[in-house]
1. Return only the number of the condition from (1) in a loop (DSSP other than H, G, I, E, B); (2) crowded, with 16+ Cβ neighbours inside 10 Å; (3) at pLDDT 85 or above that residue 42 does not satisfy.
2. Run residue 207 past the list (1) at pLDDT 85 or above; (2) closer than 17 Å to residue 87 by Cα; (3) not hydroxyl-bearing (Ser, Thr, Tyr) and report the number of the one that doesn't hold.
3. Under the condition of being more than 17 Å from residue 115 (Cβ to Cβ) and crowded, with 21+ Cβ neighbours inside 10 Å, which residue from the stretch 125-153 is modelled with the lowest pLDDT?
4. Which of (1) closer than 19 Å to residue 218 by Cα; (2) free of Cβ contacts under 8 Å to residues at least 40 places away in the same chain; (3) in contact with a Phe, Trp or Tyr (Cβ under 9 Å, 6 or more places away or on another chain); (4) not hydrophobic (A, V, I, L, M, F, W, C) is the odd one out, the single condition residue 166 does not satisfy?
5. Only one of 54, 22 is within 12 Å of residue 235 (Cβ to Cβ), out of contact with any Cys (no Cβ under 6 Å at 6 or more places or on another chain) and of a type outside the set (S, T, N, Q); which?
6. Cβ-Cβ distance below 8 Å, separation of 6 or more or different chains: which pairs start in the stretch 40-68 with a residue that is within 22 Å of residue 204 (Cβ to Cβ) and end on one that is part of a loop (DSSP other than H, G, I, E, B) and not charged (D, E, K, R)?
7. If you take the residues of the stretch 81-99 that are small (Gly, Ala, Ser) and over 30 Å from residue 136 (Cβ atoms), which of them is surrounded by the most Cβ atoms within 10 Å (Cβ to Cβ)?
8. Looking only at residues that are over 15 Å from residue 223 (Cα atoms) and among the small types (Gly, Ala, Ser) in the stretch 114-141, which one is nearest to the chain's Cα centre (by Cα)?
Amino acid sequence: MSGQTSPILRIAQIVFGVAVVFFLLAPIVAILPLAFNSSVFLNYPIESFSSRWFGELQSNDMWRRSIVNSLIIGSGATIVATVLGTLAALGLRSSQLPFASAIRTTFLMPMVVPAVVLGVGMQMLYGRLGLANSYLGVVVAHAVLCIPFVLVSVSGSLNAMDPWLERAASSLGASPTRVFRRITMPIIMPGMLTGAVFAFATSLDEVVLTLFVAGPNQRTLARQMFASIRENISPAVAAAAFLMIVGTLCIAGLVGFLRWRSQKTLKPA
């Protein structure tokens, strides 16, 4: 029948899907076992397993400080991006806002503008503002890259929300602040959490922009990995990558659970 998929086409779809998943996961799966390699060389085959390189991350001051810097800068950039991205999404959904499309495009520009261009511009700007080689400067730079992800995620949640819910609450005498806190906020919370995860992951992974705006004291984990690969390749890089991957997966799992819990709470009885 014309409405049914032929077995050959179905098999081709499955094979294609498996190939895409393998292509996406192969680099991640390949690096994880090397974190437990006892050898000083970052290659296969692995002769024996050891956790010595995780101890290297803990004992080496450069690695330890870079991990702390990544957590500080990533958390700060995530908070700034989540607040500003959410406010931008709330403001841009108004049909009365002039040039809303142009403003939205401006907010999304960091997603398409090369990081090198942003890095050069921010380096020149920071030199005039006195933010060069400072934690605040790096946090702001990372937040600029992260805001578009929050904006897109929260905008999707707002577009799926029934506007009559807010209007009904307002007609019953609720103040705008109460409407946002009791109606809008719970509905867009899954989008905010998703955007926050993307923001933190983006900050954690950013290298190019960090090279331009960060000083020696603001060296992040990604920058330390980049420098280590250039200067002296060791399995400590794989151990750092393992921590980044596991940390990101844990955060994503937590957000997924919170999204499921939020959606379950919002469902009518």
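The values are calculated or read from the model by the stated rules, or taken from the named source; none is laboratory data. Just so it is clear, the structure is predicted and the values come from calculations on it, not from any experiment. Because the Cβ atoms are built from the backbone with ideal geometry, glycine has one as well, and the counts that use them run over all protein chains shown.
1. Going through (1) in a loop (DSSP other than H, G, I, E, B); (2) crowded, with 16+ Cβ neighbours inside 10 Å; (3) at pLDDT 85 or above one by one, residue 42 breaks only (3).
2. Every listed condition holds for residue 207 apart from (2).
3. 153
4. Unmet for residue 166, out of (1) closer than 19 Å to residue 218 by Cα; (2) free of Cβ contacts under 8 Å to residues at least 40 places away in the same chain; (3) in contact with a Phe, Trp or Tyr (Cβ under 9 Å, 6 or more places away or on another chain); (4) not hydrophobic (A, V, I, L, M, F, W, C): (1).
5. Values: 22 fails: within 12 Å of residue 235 (Cβ to Cβ).
When all the criteria are applied, what remains is 54.
6. Hits for this filter: 42/233; 42/234; 42/235; 53/234; 53/235; 56/234; 66/220.
7. Filtering the stretch 81-99 for residues small (Gly, Ala, Ser) gives 81, 85, 88-89, 91, 94-95.
Next, only the ones that are over 30 Å from residue 136 (Cβ atoms) stay: 94-95.
Details: 94: 9, 95: 5.
Among those residues, the one meeting the criterion is 94.
8. To start, the set of residues in the stretch 114-141 that are over 15 Å from residue 223 (Cα atoms) comprises 114, 117-118, 120-132, 134, 136-137, 140.
Next, only the ones that are among the small types (Gly, Ala, Ser) stay: 121, 127, 130, 132, 134, 137.
Details: 121: 22, 127: 27, 130: 27, 132: 24, 134: 22, 137: 19 Å.
By that ranking, first place goes to 137.
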